[in-house]
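The next block holds one structure in the form of structure tokens; read it before the comments.
The values are calculated or read from the model by the stated rules, or taken from the named source; none is laboratory data. None of the values given here were measured: they were computed from a predicted structure. Glycine also receives a Cβ, built like all others from the backbone with ideal geometry; neighbour counts cover every protein chain displayed.
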Amino acid sequence: MAKPKIGFIGLGIMGRPMSKHLINAGYELVVYDIVEASVNEITAAGASAAGSCKEVAEQADVIITMVPDSPDVEAAALGENGIIEGISEGNYYIDMSTIAPSVAVSVGEKMAEKGVLCLDGPVSGGDVGAQNATLSIMVGGEEDAFNTIKPIFDIMGNAVLCGPLGSGQIVKACNQVLVAVTIAGVSEALTLGTKAGVDPINIVKVLGGGLARCGVLENRGERMVNGDFDPGFRIRLHYKDLNIIMKTGNDYQVPLPVTSVVHELFNTAMVQGRSELDHSGLLTVLEDLAGIEARTKQ
Ligand code: NAD
């Protein structure tokens, strides 16, 4: 497909930089968001605006959504004035939000009834990955559709086809298990070491060189022991992902005993009003349990 016209719906922390990269790469974009200020920012960058998801779908060949959660995707794709009302047979619908794999499949089935080609393409790499166009894109769907859309994915990051529709969301759930459990483990290690008398910055430095080295220590360790929990990726969104993960474990009859404890720790952070902290702010929950703060004195 020579440069298709792209419809982009959901211009939040992730969608704004992602859509700007597509504009800068020379694609014609038509965009929609329920927040007008976000639309204005992207039209100023060169896109045109549509009045609804349906209108986006009427005007574009490839439609992308980047909205918060499963009900938002269902509303944008299948709701009143939704994509399905405007999209044409043979065009593409790609959801890049993080949602339940079962919803990715059910939305795809509805779209397939209209002859629409669907991919799920959730991402990891955060707001920085979106700004630098270095997102990891985990894709589910048919190989032909993936190959057609790959040049578009390449502008936003690095895409890997993981399997049939829904597989991208499954792999994203696996990613979020690992990140959440690692944040909890790092938080316990920092809390234990600090209460036992060690400056936690030394724990960050030394563990970063051995088998315990990990992305959480690398990217967040220093900020955690400095008490800097500005987001990044908010606790609220990681808790949403953990709800998806626990449901998916139930759907597939896979016990997730370790994740279930971490799920409750994130629930605790939510109940205690910490939803807007970066997810590394889970440290504060473990600190409260131990009755200390794991802060460096250096
Ligand atoms: P966000 O809340 O900043 O942006 C979502 C946007 O979608 C908002 O502008 C909202 O107005 C819009 N929206 C919601 N419903 C809509 C609808 N029906 N029609 C049109 N627009 C609608 O969220 P975000 O941080 O950009 O995250 C988007 C998705 O990407 C989420 O699923 C999130 O879990 C995932 N994600 C986020 C990050 C991150 O670091 N922020 C990293 C990886 C994945």
(request) Search the range 273-298 for residues that are of a type in the set (Asp, Glu) and pair each with any residue that is part of a helix (DSSP H, G or I) when their beta-carbon atoms are under 7 Å apart and the residues are at least 6 apart or on different chains. (result) GLU276/ARG236; GLU287/THR191; GLU293/GLU287
(message) Can you list residue pairs whose Cβ atoms sit under 8 Å apart, with the first residue in the range 1-30 being more than 15 Å from the ligand (Cβ to nearest atom) and the second being at pLDDT below 95? Count only pairs 6 or more apart in sequence or on different chains.
(response) GLY26/LYS3; TYR27/LYS3; GLU28/LYS3
(message) Looking only at the range 95-116, filter to residues that are surrounded by fewer than 24 Cβ atoms within 10 Å (Cβ to Cβ) and in contact with a Gly (Cβ under 7 Å, 6 or more places away or on another chain); which one of those is nearest to LEU11 (Cα to Cα)?
(response) VAL105
(message) For the range 143-151, check the following and say yes or no: at least one residue is under 19 Å from PHE8 (Cα atoms), within 16 Å of the ligand (Cβ to nearest atom) and surrounded by fewer than 17 Cβ atoms within 10 Å (Cβ to Cβ).
(response) no
(request) Go through the range 1-16 and give me each residue that's under 15 Å from the mean Cα position of the chain (by Cα) and surrounded by fewer than 21 Cβ atoms within 10 Å (Cβ to Cβ). (result) GLY12, ILE13
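For every residue, the table says whether it meets (1) closer than 24 Å to VAL171 by Cβ; (2) among the charged types (D, E, K, R).
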position: ASP61; (1), (2): no, yes
position: ASN81; (1), (2): no, no
position: SER88; (1), (2): no, no
position: GLU109; (1), (2): yes, yes
position: ALA112; (1), (2): yes, no
(request) Working only within the range 68-84, note down all residues that are of a type in the set (A, V, I, L, M, F, W, C), closer than 12 Å to GLY10 by Cα and in contact (Cβ under 8 Å) with a residue 60 or more places away in the chain. (result) ALA76
(request) Among what's in the range 160-178 and is crowded, with 18+ Cβ neighbours inside 10 Å and under 18 Å from GLY281 (Cα atoms), pick the residue that is farthest from the chain's Cα centre (by Cα). (result) VAL177
